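Below is one structure, written out as structure tokens; the observations come after it.
The values are calculated or read from the model by the stated rules, or taken from the named source; none is laboratory data. Bear in mind that the values here come from a model prediction, so they are computed numbers and not experimental data. FYI the Cβ positions are ideal-geometry reconstructions off the backbone, even for glycines, and counts take in every protein chain you see.
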């Protein structure tokens, strides 16, 4: 497991740990793989490409490791991909939304994450249902600039006018100058392309500078839903999971999660981790508990169980979920629920 356990992105590592722990309990209670218990070996990358490549070398050299999960950012994962490929070790970047992670990788790169072009096409179409003119603020990172590029392409196609745009540093604390610029462009709505923590700051400061129109952005993580509950009320995002989904599989997972984590309600990133580990374990059970067996199991299994999708198959070309669908989630009273 190559993950941000310290640094600015450490809360995502914490959410992953919670989801993995619930999956491990179920997997090992059911006999593990071939009667052997499954264990995760953790290394802290801070989602830094320099660290993720060093971790990749360590993992490839350890013959007990049969698959790698992570890293958080596409950049950190892509930097390490050649090392995993050379070591014939499956690299499962389950939050890597950059299409290049699998398209420019090898047969060893897999992901249950949808790509940013898919997300931003959905995002623009959804925003267009509620607004015609928008201001956009986005992270000044490779990920943020790429996502914004996909959003602008989709906006042009869908008749959504971007009347103001500005980038921000994700570790910043005062976004008011660019939010005043957004406010003064008189948009119908403001769109945020970023993470949960910076999304909360943007939403709160947007209200502080006097914009009272719709806000689209943030993430389904506690750092957003708790910190921006009032400012972002009515916020709509994409999602494949909500805790109040009546599906028996979802409710079983939610109950197990809340029991293990003292009533905490699971969010997206814990679900991503849970699904990733259960997918890798099914592959090992199918193909064998070796590096070659994991690859064989991913390639030859026709379907995988999933909290996000109910059940899914991999597209053989992209090595990502085939024909996925997203739901509209709306923030109400500090929680995202289905927008019905």
ask   = Can you tell me which residues in region 313-340 are free of Cβ contacts under 8 Å to residues at least 60 places away in the same chain and either in contact with a helix residue (DSSP H, G or I) (Cβ under 8 Å, 6 or more places away or on another chain) or under 30 Å from residue 108 (Cα atoms) (or both)?
value = 313, 315, 316, 317, 322, 323
query = So which of 332, 296 is over 18 Å from residue 26 (Cβ atoms) and in the same structural domain as residue 234 (by TED's automatic domain parsing)?
reply = 332
query = Out of all the residues in region 52-76, which are part of a helix (DSSP H, G or I) and in contact (Cβ under 8 Å) with a residue 40 or more places away in the chain?
reply = 52, 55, 56, 59, 74, 75, 76
ask   = Does residue 170 meet the test of being outside any helix (DSSP H, G or I) and in contact (Cβ under 8 Å) with a residue 60 or more places away in the chain?
value = yes
query = Taking region 254-281 as the search range and keeping residues that are more than 21 Å from the chain's Cα centre (by Cα) and free of Cβ contacts under 8 Å to residues at least 40 places away in the same chain, which one is surrounded by the fewest Cβ atoms within 10 Å (Cβ to Cβ)?
reply = 262
inquiry  = Please go through region 300-312 and give me each residue that is outside any helix (DSSP H, G or I) and either surrounded by fewer than 15 Cβ atoms within 10 Å (Cβ to Cβ) or touching a helix residue (DSSP H, G or I) at 6+ places or on another chain (Cβ under 7 Å) (or both), ordered by number.
reply    = 301, 302, 303, 304, 305, 306, 307, 308, 310, 311
ask   = Which residue out of 8, 18, 26 is part of a loop (DSSP other than H, G, I, E, B), farther than 17 Å from residue 96 by Cα and either touching a residue at least 40 places away in the same chain (Cβ under 8 Å) or in contact with a helix residue (DSSP H, G or I) (Cβ under 9 Å, 6 or more places away or on another chain) (or both)?
value = 8
ask   = From the list 293, 297, which residue is in contact with a helix residue (DSSP H, G or I) (Cβ under 6 Å, 6 or more places away or on another chain), without any contact (Cβ under 8 Å) to a residue 24 or more places away in the chain, surrounded by 19 or more Cβ atoms within 10 Å (Cβ to Cβ) and in a helix (DSSP H, G or I)?
value = 297
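Okay, residues lined up against (1) assigned by TED's automatic domain parsing to the domain that holds residue 294; (2) out of contact with any strand residue (DSSP E or B) (no Cβ under 6 Å at 6 or more places or on another chain); (3) farther than 21 Å from residue 320 by Cβ:
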position	(1), (2), (3)
48	yes, yes, yes
55	yes, no, yes
72	yes, yes, no
88	yes, yes, no
106	yes, yes, no
query = Yes or no: residue 153 outside any helix (DSSP H, G or I) and loosely packed, with under 15 Cβ neighbours inside 10 Å?
reply = no
query = Can you tell which of 147, 131 is more than 25 Å from residue 241 (Cβ to Cβ), in contact with a strand residue (DSSP E or B) (Cβ under 6 Å, 6 or more places away or on another chain) and outside any strand (DSSP E or B)?
reply = 131
ask   = What residue, among those in region 6-29 that are over 16 Å from the mean Cα position of the chain (by Cα) and closer than 21 Å to residue 62 by Cβ, is surrounded by the most Cβ atoms within 10 Å (Cβ to Cβ)?
value = 27
task = Give me the pairs, please: first residue somewhere in region 101-123 and free of Cβ contacts under 8 Å to residues at least 24 places away in the same chain, second residue anywhere and surrounded by 22 or more Cβ atoms within 10 Å (Cβ to Cβ), beta-carbon distance under 9 Å, and either six or more positions apart or on two chains.
result = none
key: One residue from 112, 102, 95 being part of a helix (DSSP H, G or I) and either at pLDDT 95 or above or within 20 Å of the chain's Cα centre (by Cα) (or both)   = 102
